[in-house]
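K.L.:
Starting off with a structure, shown below.
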Amino acid sequence: TSNGNTSVGMYVEGGGGYQLGLLWGGWGSNRWRYLSSFVPAISSWYFMAATVQANGSTPIAHLWTGVGGALVDEIAGVTYAKTGGSTPQTPNVTAGPLLLGTDAAGYTLSGSYAGLLVYNRVLSATECQALYRTLKTKMSERGIVVQ
């Protein structure tokens with residue numbers, strides 16, 4: 001359900017300045033989240049990679065974003081925080097289907113993407129860096145600047 005702990009996503013927090021974050025529990029509901037201070041610029045292309053590893057009640061998460069040619073973990077040092085209610089703290093990602101570009105409540109992606117990769121394991125920072133460099137090169141060959 002969109003208000004349980006099976007909805008996990010990368011999102012932009014609209015109410016506080018449009019920061020990029022990772023959340024569990026569904027949009028518009030009580031949830032757990034990592035909320036960065038990074039605000040993506042409209043009409044810019046970014047490399048973004050989210051990795052999440054189980055770790056008891058607090059997942060180990062990274063939100064890698066290409067900014068000005070460097071790969072930055074936008075949630076490094078950010079506290080895993082509850083926004084209210086009784087949403088379970090640990091995501092249950094096996095309880096629901098994988099939805100890309102939308103969530104169970106019907107909110108959809110309003111953006112464009114050049115590629116989407118899904119892995120069955122957590123990628124290392126080095127692997128994310130290699131993917132970032134490859135995407136920047138391939139997009140540059142097409143005349144598109146990736147941050």
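The values are calculated or read from the model by the stated rules, or taken from the named source; none is laboratory data. Owing to the predicted nature of the structure, the values given are computational and were not obtained by experimental measurement. Every residue, glycine among them, receives a Cβ derived from its backbone with ideal geometry; neighbour counts consider all protein chains shown. Note: accessible area is taken over every heavy atom of the protein model, side chains too, but ligands, DNA and RNA are not part of it. Shrake-Rupley method; radii C 1.70, N 1.55, O 1.52, S 1.80 Å.
K.L.:
Can you tell me which residue is modelled with the highest pLDDT among those in region 62-107 that are open to solvent by 50 Å² or more (accessible area, probe 1.4 Å), β-branched (Val, Ile, Thr) and in contact with a strand residue (DSSP E or B) (Cβ under 9 Å, 6 or more places away or on another chain)?
P.N.:
The extreme case among them is VAL72.
K.L.:
Quick check on ILE42: is it without any contact (Cβ under 8 Å) to a residue 12 or more places away in the chain and either assigned to a strand (DSSP E or B) or of a type in the set (A, V, I, L, M) (or both)? Can you show your working first?
P.N.:
Values: without any contact (Cβ under 8 Å) to a residue 12 or more places away in the chain: yes; either assigned to a strand (DSSP E or B) or of a type in the set (A, V, I, L, M) (or both): yes.
Yes.
K.L.:
Now for a separate question. Looking at region 51-89, which of its residues are of a type in the set (A, V, I, L, M, F, W, C) and more than 16 Å from GLU13 (Cα to Cα)? Write out each step before concluding.
P.N.:
Taking region 51-89 and keeping what is of a type in the set (A, V, I, L, M, F, W, C), we get 52, 54, 60-61, 63-64, 67, 70-72, 75-76, 78, 81.
Listed by number, the residues that qualify are VAL52, ALA54, ILE60, ALA61, TRP64, VAL67, ALA70, LEU71, VAL72, ALA76.
K.L.:
Here is a further query. Taking only region 25-47 into account, find how many residues are at pLDDT below 90 and either small (Gly, Ala, Ser) or within 26 Å of THR137 (Cβ to Cβ) (or both). Break it down into steps so the answer makes sense when it comes.
P.N.:
From region 25-47, those at pLDDT below 90 are 25-33, 42-43; that's our starting set.
Subset that is either small (Gly, Ala, Ser) or within 26 Å of THR137 (Cβ to Cβ) (or both): 25-26, 28-29, 42-43.
Qualifying residue count, region 25-47: 6.
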